[in-house]
Amino acid sequence: MRVIAGTLKGRRLEAPTWDGLRPTSDKLRETLFNVLASCLAGARVLDGYAGTGAVGIEALSRGARSVTFVERDRRAAALVAANLARCGLREGCAIIRAGFAEAARRSLPAAAFDLVLLDPPYADEVDLAGVLTAAAPLVAAGGLIVLEHARRRESPAAPGDLVRARVVTSGDSALSIYQRRPPGA
């Protein structure tokens, strides 16, 4: 696993040594950041379900101002910290060790992020609409939420005050991109 582009291009990242963590592939990260290229400069990013931190680190490498990583698993949160240290990243980074829904309710400020990146487990029992509804208040006006999910699962079209603007597929994965509806719409 490596950083694909930007100031940290080519930097190797540590991968998990245990089962149960599915890092976003290099190919899918490249697709994601090609789609988001115009949104990254100076962006405040939330990497929910951070895993290895590779997605958030890629955002920083490509010009994001700050990234807040949310990860429930103690080992994965330590892996995020190790990968940040490996890349020499200290400024503009925070790691919150909590489940995403809990962090959204208790630890994360409303409308604080220009870009919210979500990669919940691909398991069928994960409530994608619930994940998006928890994330919606965190995104600033004009911001985006990107949900990575299994291609075989349809993402919700309009959960809460979000509307799905685009779906990009790559292999067995899909990226559903959401915007908040303007007030009164």
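The values are calculated or read from the model by the stated rules, or taken from the named source; none is laboratory data. A quick note: this is a predicted structure, and the numbers were derived from the prediction, not measured. Here the Cβ positions follow ideal geometry from the backbone for every residue, glycine too, while neighbour counts run over all protein chains shown.
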Report summary line: All conditions in (1) touching a helix residue (DSSP H, G or I) at 6+ places or on another chain (Cβ under 8 Å); (2) in a strand (DSSP E or B) are true of Val163 except (1)
Query raised in the report: Which residues, counting only those in region 16-48, are in contact (Cβ under 8 Å) with a residue 60 or more places away in the chain and over 17 Å from the mean Cα position of the chain (by Cα)?
Result: Pro16
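Residues are listed down the side, and each one gets a yes or a no for (1) modelled with pLDDT under 95; (2) touching a strand residue (DSSP E or B) at 6+ places or on another chain (Cβ under 8 Å); (3) of a type in the set (D, E, K, R):
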site: Ala85; (1), (2), (3): no, no, no
site: Ala98; (1), (2), (3): no, yes, no
site: Ala112; (1), (2), (3): yes, yes, no
site: Ala123; (1), (2), (3): yes, no, no
site: Leu144; (1), (2), (3): no, yes, no
site: Asp161; (1), (2), (3): yes, yes, yes
Report summary line: Within region 92-135, of all residues that are among the aromatic types (Phe, Trp, Tyr) and farther than 19 Å from Ala81 by Cα, the one farthest from the chain's Cα centre (by Cα) is Tyr122
Query - Residue identified as at pLDDT 95 or above, surrounded by fewer than 16 Cβ atoms within 10 Å (Cβ to Cβ) and touching a Ser or Thr at 6+ places or on another chain (Cβ under 7 Å) among Val80, Val167 - result: Val167
